[in-house]
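Trainee: Encoded as structure tokens, here's the structure I'll be asking about.
Here, each number is a calculation from the coordinates, and none is a lab measurement. The structure displayed is predicted, hence computed values, not measured ones. All Cβ positions, even for glycine, are placed from backbone atoms using ideal geometry, and neighbour counts span all protein chains on display.
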Amino acid sequence: MDNLTIERVKAGLADPGIGPETIALMLTDACNLSCVYCRGGRIDDSRGGGEESELTTEELFRLFEDAAGFKVKEVNIGGMRGEPFCKKDIRLILRKIKSLGLTGSMTTNGSMLSGALAEEMSSYGWDILLLSLDAPFARLQHQLRPAANGKEYFHNILEFLGALNNNPSSRMRVLVNMVITGNNYRYFPGMVDFVNNFKNIESLNVLRLVDMGLPGYSDLQLDCGQAAEFRETLEAFKREKKVLYAGNWSFPDVRRETPAGRHTRCFTNYYILSIAANGDVLFCPQQYKPLSGINIRDVRLRDLWLNEHLSFRKILSESAPCYGECCTILKKQNEEIYNAVCDD
Ligand SMILES: C[S@@+](CC[C@H](N)C(=O)[O-])C[C@H]1O[C@@H](n2cnc3c(N)ncnc32)[C@H](O)[C@@H]1O
């Protein structure tokens, strides 16, 4: 974790005038894929709210302007649900973020990428693309992450990455996220070869499958033998330094109980402000849980952050109820912050 982030949290604990470092923003709840393990988007109107409830382009622009004026460093879009490229005006939105000098990062399923988009996004310096890719070839990718309309899209991802390869001046960092299931874990070495073909791909991150209560979860989950086999493969690649971030695979399979007496403090809300597509402020960037009554439509960013009577930032930093079950990089980051800022 960046020392500057730790310093920012430290300063922010004493001074509410220090704004968030990152805004994690869900642009839309709509998604064009129907991934076998995901509940993350509104493919039809039975999932989530309608587009009319989402922040408009004008409201988003105001938020980005406020963010730039409040020394926010990064706007991260789409990390939790929905597909950013389903959002109306997405290309204007990306440009706006960059025109304000903010770092832009986005999680995407890649299905709507293209060579032209690689050129366009490189031209205004889009910074980070977190690409969700579960397989190094089309058939398996479409099996695990099918498009709702049944169309194939893997070639769009190849075209995008190929165009970045052919553009020597593109500095876009592509971080690939692969969700590990019983269907794809054996193709992990193939994924490593795949990502090594593309100069802009910086890392291959492996994500543990989270149970979202969908039917068929147990068929997707690795059994004990498969999990042991996968961890061994992963260790071998880590030794060769081909995988930069092995996500929560370094942890045991079982959910860990927090030992008695262990701290459960989480400082996430001192450096990340998480906002749902409709403007609700969320509990944290991993839990899609709105904090009641706080919506960015009703309050300017600076006022929201300074308004301590709402105290939303303190909730997790005093004791996070979700600490034991958190299995994301936030947990590791919080250990570092805790060690740097706490005496207890
Ligand atoms: C919900 S998606 C939203 C962003 C975008 N539509 C995309 O697909 O990248 C964000 C990430 O969550 C991951 N994801 C979805 N369901 C998951 C699950 N059950 N377990 C682990 N990761 C999951 C996806 O693979 C993706 O990388």
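Trainee: Quote the convex hull volume per residue of the range 168-238, based on C-alpha atoms, as a whole number of Å³.
Mentor: Normalising the Cα hull of the range 168-238 by residue number yields 96 Å³.
Trainee: Over every pair of different alpha-carbon atoms in the range 117-166, take the mean of 1/r and invert it; report that Kirkwood radius in Å.
Mentor: Answer for the range 117-166: a Kirkwood hydrodynamic radius of 12.1 Å.
Trainee: Residue farthest toward the positive end of the dipole of the chain, with Cβ of Lys/Arg at +1 and Asp/Glu at -1: which of Leu175, Ile23, Tyr270?
Mentor: Toward the positive end, the furthest listed residue is Leu175.
Trainee: State the extension gain, in nm to one decimal, for the chain segment bounded by Arg300 and Tyr338, taking 0.36 nm per residue of separation less the distance between their alpha-carbons.
Mentor: Roughly 10.7 nm would be gained on extension.
Trainee: What's the longest bit of the chain with no exposed GluC sites (Glu not before Pro), using DSSP loop states and at most 13 other Cβ atoms within 10 Å as the test? Let's see the in-between values first.
Mentor: Values: sites that count: Glu152, Glu240, Glu257, Glu308.
That gives 1-151 as the longest site-free run.
Trainee: Here's another thing I want to ask about it. Mind listing P(r) for the chain? All alpha-carbon pairs, 10 Å bins, whole percents.
Mentor: In order of increasing distance, the bins hold 5, 24, 34, 28, 9, 0 percent.
Trainee: Further question on the same structure: Which whole-number percent of Cα pairs in the range 82-137 have a distance greater than 15 Å?
Mentor: Tail of the P(r) past 15 Å holds 49 percent of the pairs.
Trainee: Computed over the Cα atoms, what is the radius of gyration of the range 71-218 divided by 2.2 N^0.38 Å, N being its residue count?
Mentor: Rg over 2.2 N^0.38 Å, computed on Cα atoms: 1.05.
Trainee: Rounded to whole Å and sorted largest first, list the principal axis extents of the Cα atoms in the range 280-344.
Mentor: 35, 25, 16
Trainee: Determine the relative contact order of the range 89-131: mean sequence separation of Cα pairs under 8 Å and six or more apart, normalised by residue count, in whole percent.
Mentor: Relative CO of the range 89-131 lands at 51 percent.
Trainee: For the range 128-199, state which chymotrypsin sites (Phe, Trp or Tyr not before Pro) are in a DSSP loop and have at most 14 other beta carbons lying within 10 Å of their beta carbon.
Mentor: Working: sites: Phe137, Tyr153, Phe154, Phe160, Tyr185, Tyr187, Phe194, Phe198; in loops: Phe137, Tyr153, Phe198.
Passing sites in the range 128-199 are Phe137.
Trainee: Among the lysines, which fall within straight-line cross-link reach of Lys87, defined as a Cα-Cα distance under 20 Å, with same-chain neighbours fewer than 8 residues apart omitted?
Mentor: Straight-line reach from Lys87, under 20 Å: Lys96, Lys98, Lys151.
Trainee: Go from 0 up to the bin containing the longest alpha carbon distance in the range 1-148, width 10 Å each, and give me the % of pairs per bin.
Mentor: 10, 36, 33, 18, 3, 0
Trainee: About the Cα centre, and with charges only on the beta carbon of Lys, Arg (+1) and Asp, Glu (-1), how big is the dipole of the chain? Nearest 20 debye, please.
Mentor: For this selection, approximately 420 debye.
Trainee: Still on this model: Run the simple label-point estimate for Arg139 and Asn3 please: 7 Å along Cα→C-beta, distance reported in nm.
Mentor: 5.1 nm
Trainee: Further question on the same structure: How would you rank Met80, Met178, going from fewest to most other Cβ atoms within 10 Å of each one's own Cβ?
Mentor: Working: Met80 20, Met178 24.
Least crowded to most crowded, the residues run Met80, Met178.
Trainee: Still on this model: Anyone know which of Ile329, Ile272, Ile296 comes out most mobile in the 10 Å Cα GNM of the chain?
Mentor: Ile329
Trainee: Using the count of nearby Cβ atoms within 10 Å as a rough guide to exposure, how do Leu113, Leu130 rank from fewest to most?
Mentor: Numbers: Leu113 23, Leu130 20.
In order of increasing Cβ crowding within 10 Å: Leu130, Leu113.
Trainee: Let me ask something else about it. Straight-line reach from Lys10: which lysines fall under 21 Å, measuring Cα to Cα and dropping same-chain residues less than 8 apart?
Mentor: Candidates past the 8-residue exclusion: Lys71, Lys73, Lys314, Lys331, Lys332.
Trainee: Further, regarding this structure: Using the count of nearby Cβ atoms within 10 Å as a rough guide to exposure, how do Ile315, Ile90 rank from fewest to most?
Mentor: Least to most surrounded, the residues fall as Ile315, Ile90.
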